[in-house]
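The values are calculated or read from the model by the stated rules, or taken from the named source; none is laboratory data. What you see is a predicted model, and the numbers here were worked out from it, not measured in a lab. As a convention, Cβ positions derive from the backbone with ideal geometry for all residues, glycine included, and neighbour counts pool all protein chains shown. Keep in mind that these areas ignore ligands, DNA and RNA; they rest on the heavy atoms of the full protein, side chains included. Shrake-Rupley method; radii C 1.70, N 1.55, O 1.52, S 1.80 Å.
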Amino acid sequence: MKDPVGSVEGIASQTAFSGVVRVDRGGEVELAKAYGLAHRGWGIANTIDTRFGIASGTKGLTALTIMSLIEEGRLELGTTARSVLGNDLPLIDDSVTVEHLLAHRSGIGDYYDEETVRDPLDYVSPVPVQELASTQEYLRVLGGLETKFPPDERFSYSNGGYVVLALIAERTSGQPFHELVVERVSEPAGMEDTAFLRSDELPGRAALGYLGEDGPRTNVFHLPVRGSGDGGIYTTASDVSALWTALFAGRIVSKDLLAEMVRPRSEVPSPTQPARYGLGIWLHPSRDLVELHGSDAGVSFQTVHDANERFTYTVLSNTTEGAWPIVLHLDELFAW
């Protein structure tokens, strides 16, 4: 594998990258570097310990939370959403299961459908974002959406499906979803800086999300004030590395359940980046690489892990598109 240090520095400079890049190899940190500003108004620089939102990277943690409940016997992959939701969200097909939702094969209508919403800056929430502070409040955006296709017919990426999973986790456990993720994923993995933060009261080490590569406008009016199962958790580069280490060591869920999560359920065609999908985890089309990524207004994130080679790269950015030039460079550098 090639040396990423000098080349990443060049790409970061050329693109005015704002965020953190980390590369781990063989249990050692090979590169950990911060760029740009966490707060442009006050001129506060990003550091390697800055907490960033990771948008849909959250889905991996949601999936692990669900799988931990399955491991305890509180749920099964075949549990239907209807058996937990009761009369809520009546347009969800009665045969939709937890596995369908995890694999993006449920066919349910999506409140933020990425097959139709191409630019996250164009999306306007039907409910004021400041009112979306708990998973229960998301019922107001999930309701009234017609089924797109019968369950298990095909892959269709679904943000709403992962909020439904958060609702299922809450109702099955009797605990708020935000607490469940910390208890069942963050704590066993040693991810001390990973939690659902409110965007209107971010602590000092959290980066504001910016809509453009420069300028003062943040994403505070574009995203729910507090995320749920489909996105919105904050983390650090070191916590992401800790997640992969703990996951493949069996400290979050058993290795048998991990094997179930990385078993491909769908081939996801793309002219530029074909992939496969398991349960909450993206899979390389031909190699044993696992991936989480997320993109939204003021957020871009990707992490790729090779358990066999003990190799991980993570790119976190507090701008809408900022991570992708670094990600593309690292993919080319390591011939992925």
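Yes/no per residue for (1) within 29 Å of His222 (Cβ to Cβ); (2) in contact with a helix residue (DSSP H, G or I) (Cβ under 9 Å, 6 or more places away or on another chain); (3) of a type in the set (S, T, N, Q):
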{"residue": "Leu75", "(1), (2), (3)": "no, yes, no"}
{"residue": "Ala81", "(1), (2), (3)": "yes, yes, no"}
{"residue": "Gly86", "(1), (2), (3)": "no, yes, no"}
{"residue": "Asp94", "(1), (2), (3)": "no, yes, no"}
{"residue": "Ile108", "(1), (2), (3)": "yes, yes, no"}
{"residue": "Gln130", "(1), (2), (3)": "yes, no, yes"}
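Within the stretch 80-91, can one find any residue that is within 27 Å of Val240 (Cα to Cα) and small (Gly, Ala, Ser)? No: the stretch 80-91 contains no residue that is within 27 Å of Val240 (Cα to Cα) and small (Gly, Ala, Ser).
Right, Ala38: assigned to a strand (DSSP E or B), surrounded by 23 or more Cβ atoms within 10 Å (Cβ to Cβ) and either touching a Phe, Trp or Tyr at 6+ places or on another chain (Cβ under 6 Å) or not β-branched (Val, Ile, Thr) (or both) or not? Considered against the rule, which asks whether it is assigned to a strand (DSSP E or B), surrounded by 23 or more Cβ atoms within 10 Å (Cβ to Cβ) and either touching a Phe, Trp or Tyr at 6+ places or on another chain (Cβ under 6 Å) or not β-branched (Val, Ile, Thr) (or both), Ala38 comes out as yes.
Screening Ser238, Ser270, Ser199 for residues that are under 17 Å from the mean Cα position of the chain (by Cα), open to solvent by 20 Å² or more (accessible area, probe 1.4 Å) and over 23 Å from Glu170 (Cβ atoms) leaves exactly one candidate, Ser238.
Criterion first (without any contact (Cβ under 8 Å) to a residue 12 or more places away in the chain, open to solvent by 60 Å² or more (accessible area, probe 1.4 Å) and closer than 26 Å to Leu292 by Cβ) does Glu114 satisfy it? Considered against the rule, which asks whether it is without any contact (Cβ under 8 Å) to a residue 12 or more places away in the chain, open to solvent by 60 Å² or more (accessible area, probe 1.4 Å) and closer than 26 Å to Leu292 by Cβ, Glu114 comes out as no.
The residue of the stretch 321-330 that is nearest to the chain's Cα centre (by Cα), among those that are open to solvent by less than 10 Å² (accessible area, probe 1.4 Å) and in contact (Cβ under 8 Å) with a residue 40 or more places away in the chain, is Ala323.
Here is a yes/no grid of residues against (1) in contact with a helix residue (DSSP H, G or I) (Cβ under 7 Å, 6 or more places away or on another chain); (2) hydrophobic (A, V, I, L, M, F, W, C):
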site	(1), (2)
Val262	no, yes
Gly294	yes, no
Phe301	yes, yes
Ser317	yes, no
Leu330	no, yes
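Among the residues that make up the stretch 90-97, is at least one of them open to solvent by 10 Å² or more (accessible area, probe 1.4 Å), touching a residue at least 40 places away in the same chain (Cβ under 8 Å), under 30 Å from Ala189 (Cα atoms) and touching a strand residue (DSSP E or B) at 6+ places or on another chain (Cβ under 6 Å)? Taking every residue of the stretch 90-97 in turn, at least one turns out to be open to solvent by 10 Å² or more (accessible area, probe 1.4 Å), touching a residue at least 40 places away in the same chain (Cβ under 8 Å), under 30 Å from Ala189 (Cα atoms) and touching a strand residue (DSSP E or B) at 6+ places or on another chain (Cβ under 6 Å). When Ser317, Ser295 are checked against the criterion of being at negative phi and crowded, with 24+ Cβ neighbours inside 10 Å, Ser317 stands alone in meeting it. Considering the conditions (1) of a type in the set (Gly, Ala, Ser); (2) more than 19 Å from Thr218 (Cβ to Cβ); (3) buried (at least 24 other Cβ atoms within 10 Å of the Cβ), Ala55 is excluded by exactly one of them, (2). Among the candidates Gly107, Gly78, Gly144, the residue that is without any contact (Cβ under 8 Å) to a residue 60 or more places away in the chain and open to solvent by less than 20 Å² (accessible area, probe 1.4 Å) is uniquely Gly107. Of all residues in the stretch 202-230, those that are open to solvent by 20 Å² or more (accessible area, probe 1.4 Å), over 15 Å from Leu316 (Cβ atoms) and of a type in the set (D, E, K, R) total 4.
Considered as a group, the residues in the stretch 122-141 that are under 17 Å from Ile233 (Cα atoms) and small (Gly, Ala, Ser) include one that is most open to solvent (accessible area, probe 1.4 Å), and that residue is Ser134.
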